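The values are calculated or read from the model by the stated rules, or taken from the named source; none is laboratory data. As the structure is a computational prediction, the values presented were derived from the model and not from experiment. Cβ placement follows ideal geometry from the backbone for every residue including glycine, while neighbour counts extend to all protein chains displayed.
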Amino acid sequence: MGNVVLNLEMVKINEMKNYYSKQLLDKNIPGSVFAAKTPACMITAYKSGKVLFQGNDSESEAGKWGSSAAGVPSKKPSAVKGKAGAKGDLPSGIGGMSAIGSDEVGTGDFFGPITVVAAYVRKEDIPLLKELGVRDSKDLNDEKIISIAKVIKDVVPFSLMTLKNEKYNQVQGSGMSQGKMKALLHNQAILKVLEKISPVKPEAILIDQFVQPSTYFQHLKGQKAIANKDVYFSTKAEGIHLAVAAASILARYAFIQYIDKLSEAAGFKIPKGAGAQVDVAAAKLILSKGRESLPSFVKLHFANTDKAMAIVNKKRN
Ligand code: MG
């Protein structure tokens, strides 16, 4: 089977590294961030942001993280209808429908929670939201996110789910995957928004895809969930419907606010991401508040925990 190449941001690549933490290879490939091997796929992520998937599962494995880009000039997002095996298309004109969109933030950040927001945008409000500056949150800095979020939170019905670090570590420790946590949070957020806007029903529900739809619904087995025929998934969904862009902005806003709260508790500015700066910050936290303070600040299973401890031990010796 063929290879798939994705172009991803470093936050995503760090998230992947944690996701594949049990399957990492001890290979030092020049320019790489990590290499991992699942039973039927070899994954190599490079500092350039390129991630190479090789093997029989390359397509499905890559599908968890994004749609292919390298060498493919088209930026068309990959869209899949919730129903497994259904025609892989979004309804035409979905961008102009009254829709619920959902997205999450924080999955690749060592510090802070996972925040998931589902937001309902009526078609009549699309021009207004555009006017207010709602667009792909990746193009917006924190300051801009905050100012837009403060305005749209009163325009757009939404629901925010925050999986705090304590709880995150608890469920992660009991064996739940991040994918399942996200599926549960997205589902809860969407159900809450549906409740809020009832009896109005959205013309579409669009989830920024983080996993194959079949896996998503598998995670929700036993839960009250929206029928899969009514849910659409797409990577880069922020560019497809403003409801996802609005959800993303509101989720990021909640995440920023939470990080501010953590910074206050820590007594210094908590960094985002999963790079070397968070190792240093966590070490600082351990030195001032003890190792036992970590679970309420970080995602413990990240490799950063050990790195922070190594810094602490070096300082203590
Ligand atoms: Mg997303």
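Of everything in the range 220-235 that's touching a helix residue (DSSP H, G or I) at 6+ places or on another chain (Cβ under 8 Å) and away from the ligand (no atom under 16 Å from the Cβ), which residue is modelled with the highest pLDDT? Checked the range 220-235; the qualifying residue modelled with the highest pLDDT is 220. In this structure, residue 234 does satisfy being closer than 18 Å to residue 98 by Cβ, assigned by TED's automatic domain parsing to the domain that holds residue 109 and among the polar types (S, T, N, Q).
Table: residues versus (1) in contact (Cβ under 8 Å) with a residue 24 or more places away in the chain; (2) of a type in the set (Val, Ile, Thr).
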| site | (1), (2) |
| --- | --- |
| 4 | yes, yes |
| 18 | yes, no |
| 29 | no, yes |
| 34 | no, no |
| 43 | yes, yes |
| 49 | yes, no |
| 53 | yes, no |
| 59 | yes, no |
| 63 | yes, no |
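Checked across the range 43-63, the condition of being of a type in the set (Ser, Thr, Tyr), within 22 Å of residue 274 (Cα to Cα), modelled with pLDDT under 85 and in a loop (DSSP other than H, G, I, E, B) holds for at least one residue.
Conditions (1) charged (D, E, K, R); (2) buried (at least 21 other Cβ atoms within 10 Å of the Cβ); (3) more than 30 Å from residue 302 (Cα to Cα); (4) modelled with pLDDT of 90 or more, marked per residue:
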{"position": "122", "(1), (2), (3), (4)": "yes, no, yes, yes"}
{"position": "125", "(1), (2), (3), (4)": "yes, no, yes, yes"}
{"position": "131", "(1), (2), (3), (4)": "yes, no, yes, no"}
{"position": "150", "(1), (2), (3), (4)": "yes, no, yes, yes"}
{"position": "168", "(1), (2), (3), (4)": "no, yes, no, yes"}
{"position": "173", "(1), (2), (3), (4)": "no, no, no, yes"}
{"position": "176", "(1), (2), (3), (4)": "no, no, no, yes"}
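Selection within the range 194-213: residues that are polar (S, T, N, Q) and touching a strand residue (DSSP E or B) at 6+ places or on another chain (Cβ under 9 Å). The member of this set that is farthest from the ligand (Cβ to nearest atom) is 212.
The sole residue among 289, 261, 272, 299 that is over 17 Å from residue 163 (Cβ atoms) and either in contact with a Gly (Cβ under 6 Å, 6 or more places away or on another chain) or not hydrophobic (A, V, I, L, M, F, W, C) (or both) is 289. Of the residues making up the range 218-240, those that are closer than 30 Å to residue 126 by Cα, within 17 Å of the chain's Cα centre (by Cα) and assigned to a helix (DSSP H, G or I) are 237, 238, 239. Among the residues examined, residue 307 qualifies as farther than 18 Å from residue 142 by Cα and surrounded by 15 or more Cβ atoms within 10 Å (Cβ to Cβ). When residue 239 is tested against the conditions (1) more than 17 Å from residue 99 (Cα to Cα); (2) in contact (Cβ under 8 Å) with a residue 60 or more places away in the chain, the lone failure is (1). Taken over the range 173-193, the criterion of being away from the ligand (no atom under 16 Å from the Cβ), touching a strand residue (DSSP E or B) at 6+ places or on another chain (Cβ under 7 Å) and of a type in the set (A, V, I, L, M, F, W, C) is satisfied by 193 alone. Within the range 13-21, the presence of a residue that is outside the structural domain of residue 274 (by TED's automatic domain parsing), of a type in the set (Val, Ile, Thr), surrounded by fewer than 16 Cβ atoms within 10 Å (Cβ to Cβ) and not in a strand (DSSP E or B) is excluded. Testing residue 215 on (1) farther than 30 Å from residue 316 by Cα; (2) touching a helix residue (DSSP H, G or I) at 6+ places or on another chain (Cβ under 8 Å); (3) β-branched (Val, Ile, Thr); (4) in a loop (DSSP other than H, G, I, E, B), one condition comes back false. Which one is that? Single failed check for residue 215: (4).
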